[in-house]
Amino acid sequence: TLPSHILCIEALPSLPDAAETGGVVGGHEAAAHSRPYMALLAVTKADGATGYCGGFLLTREFVMTAAHCQASNYTVYLGLHSYRRKATAQKLSVTKSHPHQDYDDSDFSNDIMLLKLSTEAEITTSVKPIALETADVAGPCPCAVSGWGQTQMGGRGMSLVLMEGIVKLTDAEDCAELKSYCSKGATGPGEVRISLQGDSGGPLVCGDGGGKAYGVISSYNKLSQTYYYTKISNYVEWLDSILKNG
């Protein structure tokens, strides 16, 4: 009998890149506050452009997200379910951003970033950190993605409530090169045509009992219809250094 995680893997051909930043389609509304680690990031670019990314709480002081969500200003909402009820969430600013030094926006490699909060998050029933998987696990399952991004491919605008969906991990050839997990199917982070209007930066969460964060929602390849998640276990030393030194 094959180990259960092998059932989550299928071989896919590697096709030329046509990547876009990722935003959850094909899912359903999450139970309110069932994913208390989730963060919604309102970001403002240097040119004044605004948008949103996902993220997730690691400690009282740090949120993880994607490096392509870099901005000149961030507002972090924790304990949020309905976008229209942001006033009830914890609203925190960011004192320092740590995008990975080798992030490449041409292929979204090393697409990972830590944000240090200006004040510590208050841990409650609806705001809790998530543990990270730091071991190199080949094919974890089941895995899920969540966020407030678009709910249809090619759609516009955000979901008003937190959405979630189960994804099936695959073994596309370029995943290892990009230090990523990959998935393919009707459910996943949808393509985002407008920068910073999706679920980019949210977690890939795998395992039972609440799970651990294995990856960061990064990008989508239209040609191969493959979703990419930055693999956290490849960045343990980088992560530890920032968490220790701020």
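Below, the figures for the structure above:
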item: Qualifying residues in the range 80-107 (those that are β-branched (Val, Ile, Thr) and in a strand (DSSP E or B)) - the one surrounded by the most Cβ atoms within 10 Å (Cβ to Cβ); result: Val94
item: Total residues in the range 169-206, condition modelled with pLDDT under 85 and either buried (at least 23 other Cβ atoms within 10 Å of the Cβ) or not in a strand (DSSP E or B) (or both); result: 19
item: Residue in the range 118-135 that is under 23 Å from Ala49 (Cα atoms) and of a type outside the set (D, E, K, R) present; result: yes
item: Matching residues in the range 108-133 - criterion: being surrounded by 16 or more Cβ atoms within 10 Å (Cβ to Cβ) and either among the hydroxyl-bearing types (Ser, Thr, Tyr) or in contact with an Asp or Glu (Cβ under 7 Å, 6 or more places away or on another chain) (or both); result: Ser109, Asn110, Lys116, Leu117, Ser126
item: Condition check for Tyr220: at pLDDT 85 or above, assigned to a strand (DSSP E or B) and within 19 Å of Asp105 (Cα to Cα); result: no
item: Filtered residue count, the range 63-79, keeping only those that are surrounded by 15 or more Cβ atoms within 10 Å (Cβ to Cβ) and under 22 Å from Gly48 (Cβ atoms); result: 11
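The values are calculated or read from the model by the stated rules, or taken from the named source; none is laboratory data. Since the model is a prediction, treat every value here as computed from it, not as a measurement. Because the Cβ atoms are built from the backbone with ideal geometry, glycine has one as well, and the counts that use them run over all protein chains shown.
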